[in-house]
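To start, the structure itself, in structure tokens.
The values are calculated or read from the model by the stated rules, or taken from the named source; none is laboratory data. This is a predicted model, so every value here is computed, not measured. Please note: Cβ atoms are built from the backbone with ideal geometry, for glycine as well, and neighbour counts cover all protein chains shown. The area values use the complete protein model at the heavy-atom level, side chains included, leaving out ligands, DNA and RNA. Shrake-Rupley method; radii C 1.70, N 1.55, O 1.52, S 1.80 Å.
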Amino acid sequence: MLGVVFALVAACAFAAGNIFGRVGLEYVRATGGVLVSLVASLVLLLLVTLVFDLQALLAIPLAAAAWFATAGILNFPIGRYFKFLGIRHIGTSRATAITSGSPFFAVALAVLLMDEQLTALVLLGTVLIGGGLFLLAVEKA
């Protein structure tokens, strides 16, 4: 049950971040918004890590750090930039719903690149997500 609570708090935090991002985009371009949000995230995360878990940070193997760095580059600067552009052009609710379709792409990449198994339920979920993404993409704003 605790995991569900954590997931709900994360969902609320991401939703609030999207709303605040939309308000911020009224004043700056997407690149500026991404830079400010990344710096703010970095400062907060570094402070929390230094105070609560410095040993865990120092114990990360170099190979794992490289993979996490790659994920961070793809996820935060690139993903957030295009998400902010989407929010600016089609609004918060549609852009957030479409970017929340990431499981559709994660399944495809996991099956193709990581040899994960495509079960009937995963396939069904992927088809439903793809259908939802299609409906959102063709909806008139």
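Residue-level check: of (1) open to solvent by 100 Å² or more (accessible area, probe 1.4 Å); (2) in contact (Cβ under 8 Å) with a residue 40 or more places away in the chain, K140 misses just (2).
The set of residues in segment 1-15 being among the aliphatic types (A, V, I, L, M), in a helix (DSSP H, G or I) and open to solvent by 80 Å² or more (accessible area, probe 1.4 Å) consists of L2, V4, L8, V9. Counting only helices (runs of 4 or more DSSP H) that sit wholly inside segment 84-141, those with at least 2 residues that are among the polar types (S, T, N, Q) are 92-99. Output yes when any residue across segment 90-103 is out of contact with any Ser or Thr (no Cβ under 6 Å at 6 or more places or on another chain), loosely packed, with under 10 Cβ neighbours inside 10 Å and closer than 23 Å to K140 by Cα, and no when none is. No.
When residues in segment 107-124 are screened for being surrounded by 14 or more Cβ atoms within 10 Å (Cβ to Cβ) and out of contact with any helix residue (DSSP H, G or I) (no Cβ under 7 Å at 6 or more places or on another chain), 2 of them pass. Can you work out which of the residues in segment 16-28 that are part of a loop (DSSP other than H, G, I, E, B) and of a type in the set (A, V, I, L, M, F, W, C) is surrounded by the fewest Cβ atoms within 10 Å (Cβ to Cβ)? Among those residues, the one meeting the criterion is V28. The residues of segment 96-106 that are touching a residue at least 12 places away in the same chain (Cβ under 8 Å) and within 12 Å of the chain's Cα centre (by Cα), listed by number, are T96, A97, I98, T99, G101, P103.
Of all the numbered requirements in (1) aliphatic (A, V, I, L, M); (2) at pLDDT below 90; (3) not in a helix (DSSP H, G or I), I60 misses one, and that requirement is (2). Within segment 125-136, if we keep just the residues that are open to solvent by less than 80 Å² (accessible area, probe 1.4 Å) and hydrophobic (A, V, I, L, M, F, W, C), the residue that is farthest from I98 (Cα to Cα) turns out to be I129.
Taking segment 67-94 as the region of interest, how many residues are at positive phi and without any contact (Cβ under 8 Å) to a residue 24 or more places away in the chain? Qualifying residue count for the region: 0. In segment 29-52, the residues that are farther than 17 Å from N18 by Cβ and surrounded by 10 or more Cβ atoms within 10 Å (Cβ to Cβ) reach residues that are modelled with pLDDT under 90 and of a type outside the set (D, E) with C-beta atoms within less than 6 angstrom, at least six apart or across chains, in these pairs: T49/L57. Is it true that some residue in segment 58-74 is of a type in the set (S, T, N, Q) and open to solvent by 70 Å² or more (accessible area, probe 1.4 Å)? Within segment 58-74, not a single residue is of a type in the set (S, T, N, Q) and open to solvent by 70 Å² or more (accessible area, probe 1.4 Å).
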